[in-house]
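Below you'll find the structure, written out as C-alpha coordinates, and then a few comments.
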Amino acid sequence: MRPLEEFIQGYIACALWTSFDESYEGVTFAPETQAAMVEDCTTFWNVHHDRITDPSQAGHDFWLTRNGHGAGFWDGDYPEHIGKILTDAS
(Lines give C-alpha, C1' and ligand atoms only; values in the text may rest on other atoms or scores of the structure.)
Protein backbone atom coordinates (compact mmCIF):
# COMPACT_ATOMS: atom_id res chain seq x y z
CA MET A 1 0.00 0.00 0.00
CA ARG A 2 1.25 3.48 -0.82
CA PRO A 3 1.90 5.90 2.06
CA LEU A 4 -0.89 8.27 0.97
CA GLU A 5 -3.36 5.38 0.99
CA GLU A 6 -2.18 4.41 4.50
CA PHE A 7 -2.66 8.03 5.62
CA ILE A 8 -6.20 8.14 4.21
CA GLN A 9 -7.11 4.77 5.73
CA GLY A 10 -5.77 5.88 9.12
CA TYR A 11 -7.85 9.07 8.90
CA ILE A 12 -11.05 7.24 7.97
CA ALA A 13 -10.52 4.53 10.60
CA CYS A 14 -10.08 7.17 13.28
CA ALA A 15 -13.17 9.05 12.08
CA LEU A 16 -15.20 5.89 12.48
CA TRP A 17 -13.62 4.97 15.81
CA THR A 18 -14.37 8.37 17.35
CA SER A 19 -17.88 8.57 15.92
CA PHE A 20 -19.41 5.35 17.22
CA ASP A 21 -19.83 3.97 20.72
CA GLU A 22 -19.93 0.42 19.44
CA SER A 23 -18.81 -1.53 16.41
CA TYR A 24 -18.69 0.39 13.17
CA GLU A 25 -18.13 -2.66 11.00
CA GLY A 26 -19.91 -2.20 7.68
CA VAL A 27 -20.46 1.53 8.17
CA THR A 28 -19.70 3.62 5.11
CA PHE A 29 -19.73 7.31 4.37
CA ALA A 30 -21.83 9.04 1.75
CA PRO A 31 -19.85 9.28 -1.50
CA GLU A 32 -19.51 13.07 -1.21
CA THR A 33 -18.23 12.75 2.36
CA GLN A 34 -15.72 10.09 1.34
CA ALA A 35 -14.55 12.27 -1.55
CA ALA A 36 -14.11 15.28 0.75
CA MET A 37 -12.12 13.18 3.23
CA VAL A 38 -9.82 11.90 0.49
CA GLU A 39 -9.36 15.42 -0.87
CA ASP A 40 -8.53 16.86 2.58
CA CYS A 41 -6.08 14.05 3.30
CA THR A 42 -4.43 14.33 -0.11
CA THR A 43 -3.99 18.09 0.22
CA PHE A 44 -2.48 17.76 3.70
CA TRP A 45 -0.25 14.85 2.62
CA ASN A 46 1.07 16.66 -0.45
CA VAL A 47 2.30 19.54 1.71
CA HIS A 48 3.52 17.65 4.79
CA HIS A 49 4.47 14.09 3.74
CA ASP A 50 8.16 14.79 4.28
CA ARG A 51 7.48 15.36 8.00
CA ILE A 52 5.60 12.08 8.45
CA THR A 53 7.24 8.75 9.25
CA ASP A 54 4.15 6.62 10.05
CA PRO A 55 1.39 7.43 7.53
CA SER A 56 -1.35 5.43 9.25
CA GLN A 57 -0.69 7.02 12.65
CA ALA A 58 -0.44 10.44 11.03
CA GLY A 59 -3.88 9.89 9.49
CA HIS A 60 -5.24 9.21 12.98
CA ASP A 61 -3.45 12.27 14.33
CA PHE A 62 -4.80 14.45 11.50
CA TRP A 63 -8.38 13.47 12.36
CA LEU A 64 -7.87 13.85 16.12
CA THR A 65 -6.10 17.19 15.83
CA ARG A 66 -8.47 18.89 13.44
CA ASN A 67 -11.52 17.73 15.36
CA GLY A 68 -10.31 18.80 18.82
CA HIS A 69 -10.16 15.38 20.44
CA GLY A 70 -7.45 16.37 22.92
CA ALA A 71 -4.82 14.23 21.24
CA GLY A 72 -2.98 14.46 17.97
CA PHE A 73 0.23 15.66 16.42
CA TRP A 74 1.35 17.70 19.44
CA ASP A 75 1.40 14.73 21.80
CA GLY A 76 2.74 12.06 19.47
CA ASP A 77 6.24 10.94 18.65
CA TYR A 78 7.01 14.03 16.61
CA PRO A 79 9.73 16.51 17.47
CA GLU A 80 8.02 19.49 19.09
CA HIS A 81 8.56 21.87 16.16
CA ILE A 82 7.21 19.29 13.65
CA GLY A 83 4.20 18.56 15.86
CA LYS A 84 3.45 22.28 15.96
CA ILE A 85 3.68 22.65 12.18
CA LEU A 86 1.37 19.67 11.64
CA THR A 87 -1.04 20.84 14.36
CA ASP A 88 -1.25 24.34 12.92
CA ALA A 89 -1.80 22.95 9.43
CA SER A 90 -4.61 20.67 10.60
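The values are calculated or read from the model by the stated rules, or taken from the named source; none is laboratory data. No experiment lies behind these values; they were computed from the predicted model shown. For neighbour counting, all protein chains shown are included, and Cβ atoms are generated from backbone atoms with ideal geometry for every residue, glycine included. Note: areas computed on protein heavy atoms with side chains; ligands, DNA, RNA excluded. Shrake-Rupley method; radii C 1.70, N 1.55, O 1.52, S 1.80 Å.
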- request: Treating the angle as unsigned and between 0 and 90°, give the value, to the nearest 10°, between the Cα long axis of helix 31-48 and the longest Cα principal axis of the chain.
  value: 10 degrees
- request: Give the carbon-plus-sulfur fraction of the accessible surface of the chain in %, rounded to a whole number; probe 1.4 Å, heavy atoms of protein chains only.
  value: 50 percent
query: How much FRET efficiency would the formula 1/(1 + (r/R0)^6) give for M37 and A89, where r is the Cβ-Cβ distance and R0 is 25 Å, rounded to 0.05?
result: 0.95
message: For a protection proxy built on the mean count of beta-carbon atoms within 10 angstrom, sort 16-26, 35-45, 1-11, 60-70 highest first, please.
response: 60-70, 1-11, 35-45, 16-26
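May I ask for the percentage of alpha-carbon pairs in the chain that lie more than 14 Å from each other?
63 percent
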task: Treat each spin label as a single point 7 Å out from the Cα along the C-beta direction, and report the T28 to D54 distance in nm.
output: 3.1 nm
On Cα atoms only, tilt of 80-89 relative to the major axis of the chain in degrees: 50 degrees
- request: Leaving out ligands and nucleic acids, note down the accessible area per residue over segment 1-65 with a 1.4 angstrom probe, in whole Å².
  value: 61 Å²
